[in-house]
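Below is one structure, written out as structure tokens, with a few remarks after it.
Throughout, read-outs are computed from the coordinates displayed, never taken from laboratory work. None of the values given here were measured: they were computed from a predicted structure. All Cβ positions, even for glycine, are placed from backbone atoms using ideal geometry, and neighbour counts span all protein chains on display.
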Amino acid sequence: MSFSLDLLIPLNPEDPVTFDEVAFIFSPERLVFSTAREFLVDFQTLCNTDETYKKIVIDMSHTTVMDSAGLGALTNCLRMATANKTKLALWSVSDAVGDLIKLSSISNLFITEPTSNTFRFSNSIQRTKVKNITMSGLLLFRTQQLLKKIPILRIFYPILKFFFPFIDIDPSVPVHPSVRNPIKRLIDIVGSLIGLSFTAVLFIPIAIAIMVESKGNVLFGQIRCGLLSKPFRIWKFRSMVKNAEQLKVKVENQVEASSNVPIADGDDTTMSGKFFKNADDPRVTKMGKFLRKTSLVVQKT
């Protein structure tokens, strides 16, 4: 199904609308910890109405940033829709948000309809998007698209991406000016090389100390949420015991203990449950405490 909603937009851009047994709800521009709970409450209210919908569409044309709390909210929306035997579909999902959804263990249950786009932007967002476009940004964006399409030229894409990490970001998407500043990127590269040259001498003794104290790999890799919710992998020196994830259930989550606010009625998922912290975590090794105190890490995107 694909049609325009221009005539269905309510006075309040965030209010749900309905059409022929289909309900449309619009996710916020930033679906993050501070907005995820309110969005989920709105979705729950839509599901609890007397009217029965065959399908609920979450229009994500506004959404440019999403974190783990936003992903949790979408997961709960899917659970509620499934419980009501209602089909749930996502519209106008950006590449970055789509990549984050793929990290979910139930990502295969989300139905994304890429051909059904509303591009429903507020006037303020439209002005920001147009103002944000520059000739250099547009040129780099089109260049990287061309490099990806031509097999022989694909080898140059990683090189261009290294010096201009923003090239695959749509030039109309509003981001902080520093993201597209080539001078800042040059400073980052030079500064990193200088910093690594000074700390490289410490890497070997640190690696040996980690292996001597506890079994396991020297480096620990983890997926994090980066610019515009795009996932990336970081590498850092392992600061915990080898089976830290298995022992996590035995450690008190101080964030959850201090604030336990449910996302939705009847659901045991909590916003605080998305985060874990313990000031005196017994899984942290002696070397790990030193690494955390001195912030000696190795990181790679």
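Applying the Karplus relation 6.51 cos²θ - 1.76 cosθ + 1.60 with θ = phi - 60° to the stretch 195-200 yields 3J(HN,Hα) values of x, 5, 5, 7, 8, 4 Hz, where x marks Gly and Pro. Can you check what the net charge comes to around Val218, using other residues whose Cβ is under 12 Å from the Cβ of Val218 (Lys, Arg +1; Asp, Glu -1)? That works out to +3. Along its principal axes, the stretch 133-182 has C-alpha extents of 33, 17, 14 angstrom, given from the largest down. Each peptide in 80-92, 196-208 receives the mean, over its residues, of other Cβ atoms within 10 Å, and ordering these scores from highest gives 80-92, 196-208. When each of the peptides 235-241, 245-251 is scored by how many other beta carbons lie within 10 Å of its residues on average, the order from highest to lowest is 235-241, 245-251. Of the cross-linked pairs Lys230/Lys286; Lys236/Lys277; Lys230/Lys250; Lys102/Lys250; Lys87/Lys230, those separated by over 23 Å at the C-alpha level are Lys230/Lys286; Lys230/Lys250; Lys102/Lys250; Lys87/Lys230. For the stretch 79-91, 3J(HN,Hα) computed residue by residue from phi via the Karplus equation (6.51, -1.76, 1.60; θ = phi - 60°) reads 5, 5, 5, 5, 4, 8, 6, 10, 6, 10, 10, 10, 10 Hz, glycine and proline entered as x.
Taking θ as phi - 60° and the Karplus parameters 6.51, -1.76 and 1.60, the scalar couplings of the stretch 146-161 work out to 5, 4, 5, 7, 9, x, 5, 8, 4, 5, 8, 4, x, 5, 5, 5 Hz in sequence order, x denoting glycine and proline. Within the straight-line cut-off of under 19 Å between alpha carbons, the lysines reachable from Lys85 are Lys54, Lys55, sequence neighbours fewer than 8 places apart in one chain being disregarded.
For Leu219, the residues whose amide H sits under 5 Å from its own are Arg238, ignoring neighbours fewer than 5 places away on the same chain, with H placed 1.01 Å from N. Each peptide among 30-40, 216-226 gets the average number of other Cβ atoms lying within 10 Å of its residues, and from highest to lowest they stand as 30-40, 216-226.
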